[in-house]
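One structure is given below, encoded as structure tokens.
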Amino acid sequence: MAYTDLRDWLKQVDGFGELKTVEGADWDLEIGAITEMARKESKVPPCIVFDEIKDYPKGRRLAVGLLNSMKRVALTTDMPVDLPPMDFVRAWRQRIKDMQPIPPHAVKDAPFMENVLDEKDLDVLAFPTPRYNVGDGGRYIGTAHLTITQDPQEGWVNIGTYRIMIQDGKNLGLYMSPGRHGRIQMEKFFAENRPFPVAVAIGYDPLIFMASAFEVPYGLSEYDFAGGIRRAPIDVVRLERSGLPVPASAEMIIEGECLPNERREEGPFGEWTGYYASSSRTEPVIKIRRIYHRNDPIMTGAPPSRPPTEATFYKSFWRSAMIWEELERAGVPDIQGVWCPPEGNTRLWTVVSIKQRYPGHARQAGVLASQVHAAAYLGRFTIVVDEDIDPSDMKDVLWAMTTRCDPIEDIEILRRCLSSPLDPILPKSRKDKAASFNSRAIIDACRPYDWIKDFPPSVKVPEDLAKKVKEKWGKKVLS
Ligand SMILES: Cc1cc2nc3c(=O)[nH]c(=O)nc-3n(C[C@H](O)[C@H](O)[C@H](O)COP(=O)(O)O)c2cc1C
Ligand SMILES: [Mn+2]
């Protein structure tokens, strides 16, 4: 393992020049604006640690933008640093494929035990939590956090990143979209009229955050998945009240429970689509029973916004690799690459490159790529291209779409697929909390298989000529 915990990770990031410290910023909108502008206007979006936040003592810090660079993703996942996107996806896919889940390792003690606040003494507002965007309905303590819960019948532990808004000093609003594993577990508790125990970890090893926001299959704990990726178990501590295992590396733990009949207004929140699409609704409330924290805790934040953002950046590699793997497992041969660009939110635009082998191969790849588990939620456009197109190069992809696709023949529409109230294109009348549907376009931008041999040859400088020209003229005209 290349680092021991969040503090060591931050030290290493500082070592390669990607850490910035900002002192004196206001939690109300200013931190949100700095985060957003730094990520949009820097060549390499920095990781920023805010200290001396307005109204808060020095030492209570907030780190944002953790995973928003290739180097930081490589450090977190122990991968080579300078790979082109498609090579990173290929290598990452191999890592996921080779991954053997490793269950967490229970330990008795952890630094977050340094301070334990019981219900009567605690006030979650004592920890600096931003209101990130002007339209936000509150201060969001949960944007880069882990929501840890357990299945009441099957016993497995799930971790998800589901946004959390402060309601007041002792209550938090929790938003879990339909179908989320945490929500399924909650519904099981509520069906038996039992309180739903929840632990929230803030500030931790960033690898667990990556796993928590990813489509790890139902029934497999994100702890086991992250341990498998790390090739070593994740250390956890079982909390005394709920028995929930939480990462020993955490800076802060909030332990609580949702009650079956309690709902409060949650939202609006500047969401990952770049809109306030789900507005506000009544959602479950986490009643805080205990807070644990390290001395001078470092909290973490990853506010979504108009893409590309931190989350869409690091997820693009992960989602691309997962879709590729799922397509191969579904039996689609000769896939050359898969790319879910950060600009397309990783969920709304998927490109698959194939070497066409038989009639219908392109449609098969496209339909499946729009429906496999890692792509099923919201995915709007799936584009299938030939093997000469690099799916991570949008110039190439647009060229293929505009020259090899005849819209009337080559765009298939699927109806009644999985959407969500967060989908900005759904009018209110079609936003049902329990069942929102959308449609999908499968764009076949491959040369038509039935007359592929007659398809016009493309204009290209041959590789051997390109090499010679580079040697002879490169210094003069290429830079
Ligand atoms: C920064 C960030 C915020 C997110 N917020 C939410 C959210 O508020 N609600 C939600 O249902 N999913 C949210 N997600 C997506 C889930 O974390 C993701 O789909 C995850 O795979 C869910 O875990 P599960 O499959 O165990 O349910 C968010 C992801 C990120 C990276
Ligand atoms: Mn899960």
Residue, farthest from ligand 1 (Cβ to nearest atom), within region 298-317, restricted to residues that are farther than 10 Å from ASN345 by Cβ, hydrophobic (A, V, I, L, M, F, W, C) and in a helix (DSSP H, G or I): PHE317
When every residue in region 144-153 that is surrounded by fewer than 24 Cβ atoms within 10 Å (Cβ to Cβ) and away from ligand 2 (no atom under 12 Å from the Cβ) is compared, the one farthest from PRO130 (Cα to Cα) is GLN153
Looking at THR149, is it within 30 Å of ILE323 (Cβ to Cβ) and among the β-branched types (Val, Ile, Thr)? yes
On the given criteria, is ILE102 within 30 Å of SER320 (Cα to Cα) and part of a loop (DSSP other than H, G, I, E, B)? yes
Name the residues in region 158-196 that are within 24 Å of the chain's Cα centre (by Cα) and more than 19 Å from ALA302 (Cα to Cα), would you? ASN158, PRO178, GLY179, ARG180, HIS181, GLY182, ARG183, ILE184, GLN185, MET186, GLU187
For region 158-173, name all the residues that are more than 7 Å from ligand 1 (Cβ to nearest atom) and either surrounded by 24 or more Cβ atoms within 10 Å (Cβ to Cβ) or outside the structural domain of TYR223 (by TED's automatic domain parsing) (or both). ILE164, MET165, LEU172, GLY173
Selection from region 433-450 of residues farther than 22 Å from ASP396 by Cβ and either at pLDDT 95 or above or of a type in the set (S, T, N, Q) (or both) yields SER436, ASN438, SER439, ARG440, ASP450
Could you identify the single residue in VAL216, VAL198 that is out of contact with any Ser or Thr (no Cβ under 9 Å at 6 or more places or on another chain), within 14 Å of ligand 1 (Cβ to nearest atom) and of a type in the set (Val, Ile, Thr)? VAL216
Residue tally, condition farther than 18 Å from GLN150 by Cβ and in contact with a Cys (Cβ under 7 Å, 6 or more places away or on another chain), over region 196-251: 0
Within region 36-74, which residues are within 17 Å of the chain's Cα centre (by Cα) and among the β-branched types (Val, Ile, Thr)? VAL64, VAL73
Tally time: how many residues in region 282-297 are surrounded by fewer than 16 Cβ atoms within 10 Å (Cβ to Cβ) and part of a strand (DSSP E or B)? 1
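Condition check ((1) touching a Lys or Arg at 6+ places or on another chain (Cβ under 9 Å); (2) not aliphatic (A, V, I, L, M)) across all residues:
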| site | (1), (2) |
| --- | --- |
| PRO45 | yes, yes |
| TYR56 | no, yes |
| LEU66 | yes, no |
| MET70 | no, no |
| LEU75 | no, no |
| VAL81 | yes, no |
| ASP87 | no, yes |
Please verify whether GLY366 is part of a strand (DSSP E or B), buried (at least 20 other Cβ atoms within 10 Å of the Cβ) and outside the structural domain of PHE88 (by TED's automatic domain parsing), treating the condition exactly as stated. no
Complete set of residues in region 388-407 that are more than 28 Å from the chain's Cα centre (by Cα), of a type outside the set (A, V, I, L, M, F, W, C) and outside any helix (DSSP H, G or I): ASP388, ASP406
Looking at region 230-238, can you tell me whether even one residue there is away from ligand 2 (no atom under 11 Å from the Cβ), crowded, with 24+ Cβ neighbours inside 10 Å and among the acidic types (Asp, Glu)? no
Scan region 424-479 for residues that are closer than 30 Å to VAL352 by Cβ, part of a loop (DSSP other than H, G, I, E, B) and basic (Lys, Arg) and report the count. 3
Search result, residues across region 211-236 that are under 20 Å from VAL372 (Cα atoms), touching a residue at least 12 places away in the same chain (Cβ under 8 Å) and touching a helix residue (DSSP H, G or I) at 6+ places or on another chain (Cβ under 8 Å): ALA211, SER212, ALA213, PHE214, GLU215, PRO217, TYR218, GLU222, PHE225
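The values are calculated or read from the model by the stated rules, or taken from the named source; none is laboratory data. Every value quoted in this text rests on a predicted model; they were computed, and no experiment measured them. Here the Cβ is made from the backbone with ideal geometry for all residues, glycine too, and neighbour counts use every protein chain on show.
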